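Asks: Handing you a structure now.
The values are calculated or read from the model by the stated rules, or taken from the named source; none is laboratory data. This structure is a prediction, so every number in the text was calculated from the model and none was measured. A quick note on method: Cβ atoms are made from the backbone with ideal geometry, for glycine too, and the neighbour counts reach across all protein chains shown. The area values use the complete protein model at the heavy-atom level, side chains included, leaving out ligands, DNA and RNA. Shrake-Rupley method; radii C 1.70, N 1.55, O 1.52, S 1.80 Å.
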Amino acid sequence: DGWYHIRGRADDVITVAGIKVSLLDIDRALLEADGVADAACVGIRHQGHGEVAAAFVTLKSGQDEADAIRRLDAHLLSALGNSHRPRLYKFVDTVPRTAAKRSKMQGEMRRQLAGIVLSEPEKAVDFR
């Protein structure tokens, strides 16, 4: 239609195997998944793809983490496709957010994942 739609900042986009991926789209899809109380993503280095999404997820009470990984993967595959599926899930009590609780704290999230480089392209990892 000729209009540009600005959806986020440059640090909210990663390149997965040559495909531009919006972390905001992944955040939104994770929040729509059953059993998720809060979620946010950052990019993390990957040996094969260059960069992939890593998700910080707070589950609703009574949720099993191993089952949650399977459900989240299936949900993201159907909603957004394989390039958008996080390759690492970090289950946390609270997703790092700014004081106003509106925006994710990408710097803090990246600090918690510092030094991790993923190499398995098709396996979701539960990192604690």
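Asks: Please pick out the residue among V42, V36, V16 that is more than 21 Å from S119 (Cα to Cα) and crowded, with 19+ Cβ neighbours inside 10 Å.
Replies: Exactly one residue qualifies, and that residue is V36.
Asks: Then there is this: Would you check which residues across the range 52-88 are over 16 Å from E32 (Cα atoms) and open to solvent by less than 20 Å² (accessible area, probe 1.4 Å) and list them?
Replies: V52, A53, A54, R87, L88
Asks: Which residues, counting only those in the range 24-61, are assigned to a helix (DSSP H, G or I) and either over 20 Å from A74 (Cβ atoms) or touching a residue at least 60 places away in the same chain (Cβ under 8 Å) (or both)?
Replies: If the condition is that a residue be assigned to a helix (DSSP H, G or I) and either over 20 Å from A74 (Cβ atoms) or touching a residue at least 60 places away in the same chain (Cβ under 8 Å) (or both), then L24, I26, D27 are the ones that fit.
Asks: Another one. Could you list, in sequence order, all residues of the range 1-23 that are of a type in the set (K, R), modelled with pLDDT of 65 or more and part of a loop (DSSP other than H, G, I, E, B)?
Replies: Across the range 1-23, there are no qualifying residues.
Asks: Continuing with the same structure: Quick check on my filter: what residues within the range 20-33 are under 20 Å from T98 (Cβ atoms) and open to solvent by 10 Å² or more (accessible area, probe 1.4 Å)?
Replies: Hits for the range 20-33 are S22, L24, D27, R28, L31.
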